[in-house]
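Enquirer: Submitted below is the structure of interest, expressed as structure tokens.
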Amino acid sequence: MTTVTKWALAAAVLVVALIVALLPRGGADTAAKPSEDLAPARSAAALQPCPPPSPAAPVKQLDGVRADCLGDGGSVDVGKALAGAPVLVNVWASWCEPCKTELPVLQEYAKEPGAVRVLGVQVQSPAEDGLNLLAELGVHLPSVFDGGGQAGPVRTALKVPSSLPASYLVTAAGEVRFIANPRVFGNTDQVRAAVAGEGTP
């Protein structure tokens with residue numbers, strides 16, 4: 001092989017490598033599609049906006065924990081969003097029958113005078129299933145999505161039990177208290193009593 005041929009082959013290899021490097025990657029388009037596909041479900045669910053970051057000190061147990069806002073797909077810093085005022089956090093899944101009973105109760109409670117903020121956390125099921133369920137139930141509570149698998153950052157931080165639903169009261173001072181009694185809210189009186197009792201440390 002002559003020197004000229006070797007240089008020609010080397011140049012051809014470099015040109016092919018350059019073309020491959022400049023080709024658009026399919027991964028970015030694929031990553032963007034799930035959000036676009038959820039647009040109709042998000043529109044039908046018409047969820048209230050997720051809480052913005054508070055200037056108060058973040059809730060220590062949830063500091064740095066992030067989840068996707070179910071209503072618009074944006075990223076939420078949960079520790080900052082829950083800071084500064086009491087919040088009732090309800091962890092639920094679309095397949096969970098007691099959750100389907102409890103979510104409308106929480107929606108009703110949230111509308112009452114003096115109610116603390118309520119934030120839903122959807123888990124263990126696809127985001128689209130959660131949006132469809134909320135639309136069906138007429139529940140418009142702000143909610144975050146903690147992933148469809150068996151674990152997620154919010155669940156890990158809260159040490160959520162395996163049985164759902166699970167509710168927590170985050171106090172104005174940033175303490176996180178599990179609500180053990182009742183495990184499932186049947187009416188707004190029970191929600192008010194649990195919030196007043198501040199749950200279990």
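The values are calculated or read from the model by the stated rules, or taken from the named source; none is laboratory data. Just so you know, these numbers come straight off a predicted model, no measurement behind them. FYI the Cβ positions are ideal-geometry reconstructions off the backbone, even for glycines, and counts take in every protein chain you see. Protein only, heavy atoms only, side chains kept; ligands, DNA and RNA dropped before computing areas. Shrake-Rupley method; radii C 1.70, N 1.55, O 1.52, S 1.80 Å.
Enquirer: I'm told residue 198 meets every condition in (1) closer than 16 Å to residue 71 by Cβ; (2) at pLDDT below 95; (3) among the charged types (D, E, K, R) except one. Can you identify the failing condition by its number?
Expert: Result: residue 198 fails condition (1) only.
Enquirer: Same structure, new question: Looking only at the stretch 122-134, which residues are in a helix (DSSP H, G or I) and either free of Cβ contacts under 8 Å to residues at least 60 places away in the same chain or within 17 Å of residue 110 (Cβ to Cβ) (or both)? Working first, answer last.
Expert: As a first pass, look at the stretch 122-134 and keep what is in a helix (DSSP H, G or I): 127-134.
If the condition is that a residue be in a helix (DSSP H, G or I) and either free of Cβ contacts under 8 Å to residues at least 60 places away in the same chain or within 17 Å of residue 110 (Cβ to Cβ) (or both), then 129, 133, 134 are the ones that fit.
Enquirer: Hey, does the stretch 99-110 have a residue that's in a loop (DSSP other than H, G, I, E, B) and surrounded by fewer than 21 Cβ atoms within 10 Å (Cβ to Cβ)?
Expert: The answer is no; no qualifying residue exists.
Enquirer: The conditions are (1) more than 15 Å from residue 175 (Cβ to Cβ); (2) open to solvent by less than 70 Å² (accessible area, probe 1.4 Å), and residue 56 fails exactly one of them. Which is it?
Expert: Going through the list (1) more than 15 Å from residue 175 (Cβ to Cβ); (2) open to solvent by less than 70 Å² (accessible area, probe 1.4 Å), residue 56 breaks only (1).
Enquirer: Which numbered condition trips up residue 193, out of (1) among the hydrophobic types (A, V, I, L, M, F, W, C); (2) buried (at least 17 other Cβ atoms within 10 Å of the Cβ); (3) more than 20 Å from residue 143 (Cβ to Cβ)?
Expert: Residue 193 satisfies every listed condition except (2).
Enquirer: Restricting the search to the stretch 138-161, which residues are aliphatic (A, V, I, L, M), at pLDDT 95 or above and assigned to a loop (DSSP other than H, G, I, E, B)?
Expert: 139, 141, 160
Enquirer: With respect to residue 113, determine if the residue is in contact with a strand residue (DSSP E or B) (Cβ under 7 Å, 6 or more places away or on another chain), surrounded by fewer than 20 Cβ atoms within 10 Å (Cβ to Cβ) and farther than 16 Å from residue 48 by Cα.
Expert: No: the conditions fail for residue 113.
Enquirer: Kindly provide the set of residues from the stretch 167-190 that are part of a helix (DSSP H, G or I), more than 24 Å from residue 95 (Cβ to Cβ) and open to solvent by 60 Å² or more (accessible area, probe 1.4 Å), ordered by number.
Expert: Of everything in the stretch 167-190, just one residue is part of a helix (DSSP H, G or I), more than 24 Å from residue 95 (Cβ to Cβ) and open to solvent by 60 Å² or more (accessible area, probe 1.4 Å), namely 189.
Enquirer: Name every residue in the stretch 62-85 that is assigned to a helix (DSSP H, G or I) and crowded, with 24+ Cβ neighbours inside 10 Å, in order of residue number.
Expert: 62, 78, 81
Enquirer: Can you tell me which residue among 119, 88, 164 is part of a strand (DSSP E or B), farther than 23 Å from residue 44 by Cα and either open to solvent by less than 30 Å² (accessible area, probe 1.4 Å) or not β-branched (Val, Ile, Thr) (or both)?
Expert: The match here is 88.
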